[in-house]
Every structure is written in C-alpha cells, then in structure tokens.
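Heads up, the thing below is written out as structure tokens.
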Amino acid sequence: MVFKWKNIMRLKKMPEVEFLGVMERRWVPVELLGDARPKWMMNIPRNVINCVYASGTSSGGDMRTGYSLPAGDLMGGIDVYRNASDDPVKLNKDWYAVIRPQNSKEMLLVAGPHKDHEHWINDIPKRLKGVEVLGVPPKNGKRKGEEIW
C-alpha cells in the first residue's frame, strides 16, 4: 500500500522480514540482488535499476537525516541507483529511509525517494565497491511467477 505524505514522498509498507538480512549487519552496507530486494521494488522495471545497496540495524538509530520523515526509529536506508538515460550523467540515486513506526513490531515504513548530493553521478561510490552481496539474480530478470522485479 502506498500513502502520499506532504506531497513530497510516498510511504510504502515493508514487512520486517524483508529487511532482516540488512539489519543483522549493523550499518555495514550490502548489495541487494534478486529476492533480497524488497517486494515493493517489483514495480520498478528491471532495465531501469542499475543496482541497489542497503544498510541498517535492528536497534534503531538517530532520526537526524536532514529529511522530513514520519515518527519512529530509523532502521536503515536503501540506495537505488537507476540508469539515467535522459540525463547528462550515467546514474541517478534515490535514497529511501526505512523506519519502524511507533508501536509496530513486524512492519516497517519505507519513505522516499529522497535526492541527496549523490543523486546525479557517473559511478557507484568507492565505499560500496566489494560489499557483501545478498540474494541471487533472478533468472530472466524475473522473480518466480512475476513479470517485473
């Protein structure tokens, strides 16, 4: 389910189980492939996504992000690097905050996309080179039984 919030971002619900592998690594970034990517990303056509990185924690974190976000604990973030065929750069990065709403045990909110100083870039940042990869790329670019991933 997608909610509009202040006309600048959309909130998506994500079961915590879809982000556990990231949260277990305590803010160490990982690359997400195939089924390691959250299900809400299924609506993004495969040819648009270049790569996806995420980091997070199971204990929540500081909410001082510089962005207006819903109340709750910041559990992590997801960086989606998209191919920028219509821009003078190779990639566009969108950042999504992963938040545990107050009084929620099993559901997270994903708030974004947010654009930061890395939104228009040509290369993946060096800090992400060689990180652990979670998931296996889907065969033929599709999850089992789905048309888009």
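Taking the numbered list (1) modelled with pLDDT of 90 or more; (2) touching an Asp or Glu at 6+ places or on another chain (Cβ under 9 Å); (3) part of a loop (DSSP other than H, G, I, E, B) in turn, I99 passes all entries but (3). Residues that are surrounded by 14 or more Cβ atoms within 10 Å (Cβ to Cβ), touching a helix residue (DSSP H, G or I) at 6+ places or on another chain (Cβ under 7 Å) and modelled with pLDDT of 90 or more within region 102-149 comprise L108, V110, L134, G135, listed in sequence order.
Of all residues in region 96-112, those that are under 18 Å from the mean Cα position of the chain (by Cα) and more than 19 Å from G21 (Cβ to Cβ) total 3. Residues in region 10-48 that are outside any helix (DSSP H, G or I), β-branched (V, I, T) and modelled with pLDDT of 95 or more: V28, V30.
Of the residues in region 79-89, at least one is in contact with a Pro (Cβ under 9 Å, 6 or more places away or on another chain) and at negative phi. Take the conditions (1) in contact with a strand residue (DSSP E or B) (Cβ under 8 Å, 6 or more places away or on another chain); (2) at pLDDT below 95; (3) in a loop (DSSP other than H, G, I, E, B); D86 misses just one of them, which is (1).
The values are calculated or read from the model by the stated rules, or taken from the named source; none is laboratory data. The structure presented is a predicted model; accordingly, all values stated were derived computationally and were not measured. Because the Cβ atoms are built from the backbone with ideal geometry, glycine has one as well, and the counts that use them run over all protein chains shown.
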